[in-house]
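What follows is a short report on a single structure.
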Amino acid sequence: MVNQATRSRPGLLLALVCGAQFMITLDIAIVNVALPSIQSELRLDQPDLQWVVITYVLVLGGLLLLGGRAGDLFGHRRMLLVGLGVFSAASLTAGLSGSFAPLVASRAAQGVGAALIAPAVLAVLVGAFAEGSARNRALGTLGAVSGSAASVGVVVSGVLTASAGWEWIFYINVPVGVAMLALIPRYVPADGAPTRGRADIAGAVTVTAGLTAIVYAINRSVDDGWTAASTIGFLAAGLAALAAFVRIERRAAVPVVPLAMFRRPTLSAANLCAALAYAAFFATIFQASLFMQQVLGYSALRTGVAYLAIAATALLTAAGLAPRLLARVGAGWTLAAGQISTAAGLLWLARVPADAGYWADLFPGFVLVGVGVALSSVAAQVAAFIGVPREVSGLAGGMVETSREIGGALGTAIVASVAIATAATALRTGDASPAAALTDGFRRGSLVAAGFTVAGALAAVMVLRRAERSATVHH
């Protein structure tokens, strides 16, 4: 039963769940600006840097489905509290890490906590607001928070890295998490009695292992090539694990994600579009942070401030333009508009010189990317819940978040691998200076990321829009 505090303060409930979502999304991007400092202090190789980012996103994405199922079985508020506890503790150990292995392990543990938090946040919100305009406004607010969090993360990262040190990009989560653990029991409705059932751990393990092996194969292709035994072996192992995941889901009494969920057209279309949108966005944040610091010579603080163009634009767009556009043309066209904006921004960035100026070369592209990610994030969030019953809302939330994180991890791995390989080729031929070679890699990576967004725009128009119209007719 909803307590009186919750009934009288729906805004506070919304603020708390948005705060939790903001924190876990922030940590996807907050490490990017700090990467050169982490690399220098921990003496990491260039290919190791992407694992500091990707490990968190892969574990989060791989376990989100299990997190959504756990919330449906044991209570969404319970899982929200457990997830916050795990995430806060892992943030502390990440800050204390003195080498690559404990840092990556802590990032994995952060991913476990975040995988419990994200679907619980969505389910609590959907349960608190009735379907229709009230829920759409609440989801729009959550989408605005989520869409801007990654952008704000790179700004905060620059400030903290330059002032207190890279460790504080993790330490900052600890007091915030403790405060939420104290407030959530007061203002978020208590769960009912736990539901009897089983959690599909085998399914969660196989999908996470499969995705990790595929990303590692992409990573190995930079040094060994696509025809090397190591690359082919890890790629084959990853595909085999994903095939095992599908078999497990077909036979499991209580699968981590019932395959029938994929027969919901709007949900499946939203998942596809979210994966493509965040493949481009996460990859762009990763490589732009390195480009500004390693090529243009920006400090961590200046790099963070440079991202204000994305952060401010995303926040204003998600809060102002996105809800109006959704109401006027629907989720499909809104998402397509967002992807077109992002594509335009990436094509602009793909032409920057090695001595790029901020206002002339970076700022226009950053603004277009900020508009695009905000529109795409809000639209995908709304589309995923069209016609979804409350009893599987946690699972639906886990699926759309899974698509975002897995898309982001794969996109970052692919774009980073292309950029590193392009730069290495330019250096081997002796035709380019290190700065020019890195710039060539950044340009090529931006083109690959733009390809993701073009595919996302086509999927939004051809798949999501059609599914959205069908759902509206049958609703």
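The values are calculated or read from the model by the stated rules, or taken from the named source; none is laboratory data. This structure is a prediction, so every number in the text was calculated from the model and none was measured. Backbone-built Cβ (ideal geometry, glycine too); neighbour counts: all protein chains shown. Just the protein is used for accessible areas: all its heavy atoms, side chains included, with ligands, DNA and RNA removed. Shrake-Rupley method; radii C 1.70, N 1.55, O 1.52, S 1.80 Å.
Answer yes or no as to whether ALA374 is surrounded by 22 or more Cβ atoms within 10 Å (Cβ to Cβ), touching a residue at least 24 places away in the same chain (Cβ under 8 Å), under 18 Å from the mean Cα position of the chain (by Cα) and farther than 19 Å from LEU66 by Cα.
In short, yes.
Using the structure shown, decide if ARG428 is basic (Lys, Arg) and without any contact (Cβ under 8 Å) to a residue 12 or more places away in the chain.
yes
Which ones in region 240-270 are closer than 27 Å to ALA459 by Cα, part of a loop (DSSP other than H, G, I, E, B) and in contact with an Asp or Glu (Cβ under 7 Å, 6 or more places away or on another chain)?
If the condition is that a residue be closer than 27 Å to ALA459 by Cα, part of a loop (DSSP other than H, G, I, E, B) and in contact with an Asp or Glu (Cβ under 7 Å, 6 or more places away or on another chain), then VAL256, VAL257 are the ones that fit.
Could you say which residue among ALA202, ALA237, ALA179, ALA190 is within 30 Å of GLY11 (Cα to Cα), part of a helix (DSSP H, G or I) and either β-branched (Val, Ile, Thr) or open to solvent by 40 Å² or more (accessible area, probe 1.4 Å) (or both)?
ALA179
Output the qualifying pairs, or none if there are none: Cβ atoms under 6 angstrom, residues six or more apart or on different chains, first residue in region 251-269 and under 14 Å from LEU66 (Cα atoms), second residue among the aliphatic types (A, V, I, L, M) and open to solvent by less than 10 Å² (accessible area, probe 1.4 Å).
Close Cβ pairs satisfying both conditions: VAL256/ALA204.
Within region 384-414, how many residues turn out to be over 23 Å from LEU49 (Cα atoms) and touching a residue at least 24 places away in the same chain (Cβ under 8 Å)?
Count: 17.
Kindly list, by first and then second residue, each pair from a residue in region 433-447 that is within 16 Å of ILE414 (Cα to Cα) to a residue that is surrounded by fewer than 19 Cβ atoms within 10 Å (Cβ to Cβ) and among the charged types (D, E, K, R), limited to pairs with Cβ atoms under 8 Å and residues at least 6 apart or on different chains.
Going by the 8 Å Cβ cut-off, the qualifying pairs are ARG443/ARG351.
Might you check whether a residue that is in contact (Cβ under 8 Å) with a residue 24 or more places away in the chain, more than 24 Å from THR402 (Cα to Cα) and either in contact with a Cys (Cβ under 8 Å, 6 or more places away or on another chain) or not small (Gly, Ala, Ser) (or both) occurs anywhere in region 217-231?
Yes, that holds for at least one residue.
Output the number of residues of region 240-268 satisfying the condition of being aliphatic (A, V, I, L, M) and in contact with a helix residue (DSSP H, G or I) (Cβ under 7 Å, 6 or more places away or on another chain).
Qualifying residue count, region 240-268: 10.
Counting just the residues of region 216-233 that are under 20 Å from ALA419 (Cβ atoms) and open to solvent by 40 Å² or more (accessible area, probe 1.4 Å), which one comes out modelled with the lowest pLDDT?
Only one residue tops the list, namely ASP223.
Evaluate the following for THR422: is it open to solvent by less than 30 Å² (accessible area, probe 1.4 Å), in a helix (DSSP H, G or I) and without any contact (Cβ under 8 Å) to a residue 40 or more places away in the chain?
Yes; evaluated as a whole, the condition is true for this residue.
Can you work out which of the residues in region 120-170 that are surrounded by fewer than 17 Cβ atoms within 10 Å (Cβ to Cβ) and among the hydroxyl-bearing types (Ser, Thr, Tyr) is modelled with the highest pLDDT?
Among those residues, the one meeting the criterion is SER163.
So, ALA455, is that one of a type in the set (A, V, I, L, M, F, W, C) and either open to solvent by 10 Å² or more (accessible area, probe 1.4 Å) or free of Cβ contacts under 8 Å to residues at least 12 places away in the same chain (or both) or not?
Yes, satisfied.
Inside region 87-119, can you point out the residues that are open to solvent by 50 Å² or more (accessible area, probe 1.4 Å) and either over 19 Å from TRP51 (Cβ atoms) or part of a helix (DSSP H, G or I) (or both)?
Those that are open to solvent by 50 Å² or more (accessible area, probe 1.4 Å) and either over 19 Å from TRP51 (Cβ atoms) or part of a helix (DSSP H, G or I) (or both): ALA89, LEU92, THR93, LEU96, PHE100, ALA101, PRO102, ALA105, VAL112.
Listed residues ARG443, ARG466; which is open to solvent by 30 Å² or more (accessible area, probe 1.4 Å), more than 27 Å from GLY365 (Cβ to Cβ), out of contact with any His (no Cβ under 9 Å at 6 or more places or on another chain) and not in a loop (DSSP other than H, G, I, E, B)?
ARG466
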